[in-house]
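Structure, as structure tokens:
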Amino acid sequence: MAQPLFRAPVGTRDLLPPESARRRRLVAVFADLAERTGFGLLESPIFEDLGVFQRLGADNEVVTKELFEFFDKGDPPRHLALRPELTASVCRAFAEHRPTQPWKIWYSGPQFRYERPQAGRYRQFDQVGVETLGTDDPHADVEVIGLGLRFYEALGMKQVRLLINSLGDATSRPAYDAALAAYLRSRRDELSEQSQITLERNPLRVLDSKREQDQPVIAEAPVMADFLSGESAEHFVAVRAGLDSLDAAYEVSPRLVRGLDYYTRTTFEFVADALDTAQNAVGGGGRYDGLVEDLGGPATPGIGFALGVDRILLACDAEGTFAAAPAPVEVFVVDTAGGQSAAVLCDRLRQAGLGVDRAFDGRSMKAQMKRADRSGAAVAVIIGPDEQAEGAVTVRDMRPGGGQRQVASDDVVSAVTEILAEEA
RNA sequence: GUGGCCGUAGCUCAGUAGGUUAGAGCGCCGGGUUGUGGUCCCGGAGGUCGGGGGUUCGACUCCCCUCGGUCACCCCA
């Protein structure tokens, strides 16, 4: 391959048509659903003060190893970072603006993590998500989770499983952490080397290990459910009852711990069974009742999720749904009389609201017709020297066996719309 | 950060016991049809075989390094 001078940085890529249009459609589907559920769009900066993200957990890899950090040109320079996720930004914005509660926000956009790319994982990746701040009503949990499920359905996905768990609250969590750590230490020798290290850093995360060697130990580990405070247990029951009432299928997964340290009580994950890759979680979220306070705001409960756009699209491919399709051109203008007439006709047709394209460089009739065919246009408007002399155009139905007729160029819009209406 | 596999035209890939001008399909451009696409036929453009170094009379082919891709671990969407 002749190598270009530059290429997209590692872990990033160009999204070309028609794939780019497909992603835009996906976001539009999400936006529609979110807005009809009472969520408003928050557009927050792509980068934030480093401190915003450090609150996600000091021993978390997302924060310690995977951040794109940099200094700006201020005096003194500000220490900034590209956002690795958006929940922290939403909470920062909440603490900064103190909006009325509950504050229901949706978002979409690129995020950045310095990791080795693999299937379904990129350094720049897109997520869509929602956050509800200012209420710990279990119905808010249910609304958020339900929105996620409906979104996957709207894309035509059928093989998405919902896993849920409760991580407990400030009163129940420490007891569990202690019990889990004690248990894991008692069987420390059976754990993989990596898990032994993880054990000292954050025992909870050992439950996340995919190593074969760790599985027997994990299988017998104490379960959070046995340690939930009365309040947390009640909350979890209410969330499940709410999901039941929506006929939402879910699996309680006692070992679902999730990566970010801020999660409390409800946690959940959407898994795409159509993906046979290691990264098959297409979305995840949970409750983070302490995060706003950590960021200097008032104590405010919150719940939300982030869905990985890249992985969702991969899963859609695997399920054969939500296919990429180019934006349809309805009319193609062929001009073998110099191209000036095409400019005028295109303009007129576009002003009439139609999708119109044309060829350049004065190519042959045949070449232009070929373009017209490949554009997918249903109608071709042809103008050559003959038509030009008569102030007319030829309007051709591009369907197989479709006919054509000559009309005055002033009538081009109505002639075209007639054929389009016929085909619709 | 660690490891496996891979790197030949725009795309998908052939090609090596190391040896003249590196091939196919698709795509692209042109022609067959001096005004008409989708099928068919003909022709054409396009590659310093990822980059650098080494071995050799000679390297796309062997060795080393490097860059990139891919998959997995870690971690996560």
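None of the figures in this text is laboratory data; all of them are computed from the coordinates on show. On a predicted model such as this, the values are computed, not experimentally measured, just so you know. All Cβ positions, even for glycine, are placed from backbone atoms using ideal geometry, and neighbour counts span all protein chains on display.
General observations
- Net +/- balance of residues flanking A:Leu291 in space, Cβ distance below 12 Å, scoring K and R +1, D and E -1: -3
- Between A:Val217, A:Val142, A:Val393, the residue with the greatest mean-square fluctuation in the GNM of chain A (Cα pairs under 10 Å linked by springs) is A:Val393.
- Tensor-based shape of the range A:331-423 (alpha-carbon gyration tensor, a/c under 1.5 rounded, otherwise prolate or oblate): rounded
- Electrostatic bookkeeping for A:Tyr183 treats Lys and Arg as +1 and Asp and Glu as -1; over the other residues with beta carbon under 15 Å from its beta carbon, the sum is -2.
- A:Gly109 long-range amide H proximity, modeled H, under 5 Å: A:Gln127
- With at most 11 neighbouring Cβ atoms within 10 Å, loop GluC sites (Glu not before Pro) (DSSP) excluded, longest segment of chain A: A:221-424
- Amide H contacts of A:Ala392 (H built 1.01 Å from N, under 5 Å, at least 5 apart or other chain): A:Ser409
- Degrees separating the helix A:87-97 axis from the principal Cα axis of chain A, which is the longest one: 90 degrees
- In this calculation the C-beta distance from A:Arg116 to A:Arg399 is compared with R0 = 56 Å, giving a FRET efficiency of 0.65.
- Chain A: most fluctuating residue of A:Arg255, A:Arg185, A:Arg358 per GNM, C-alpha cutoff 10 Å: A:Arg358
- Rounded, prolate or oblate (a/c below 1.5 giving rounded, otherwise prolate when a/b exceeds b/c) for chain A by Cα gyration tensor: prolate
- Principal-axis analysis of the Cα atoms of chain A puts helix A:19-36 at an angle of about 60° to the longest axis.
- Highest-fluctuation residue, A:Arg23, A:Arg92, A:Arg348 considered, GNM on chain A with Cα pairs under 10 Å: A:Arg348
- Helix A:365-375 and the longest principal axis of the Cα set of chain A meet at an angle near 30°.
- Translational diffusion of the range A:32-173 was estimated from the Stokes-Einstein equation, with Rh taken as the Kirkwood radius over Cα pairs; at 25 °C and 0.890 mPa s the coefficient is 143 µm²/s.
- Couplings 3J(HN,Hα) of the range A:207-217, computed from phi: 4, 8, 4, 9, 5, 3, 4, 7, 4, x, 5 Hz, in residue order, whole Hz [Karplus 6.51 cos²θ - 1.76 cosθ + 1.60, θ = phi - 60°; x for Gly and Pro].
- Residue-count net charge about A:Arg78 - beta-carbon cut-off 12 Å; Lys, Arg +1, Asp, Glu -1: -4
- For the range A:5-65 versus the range A:362-424, the gap between their alpha-carbon centres in whole angstrom: 43 Å
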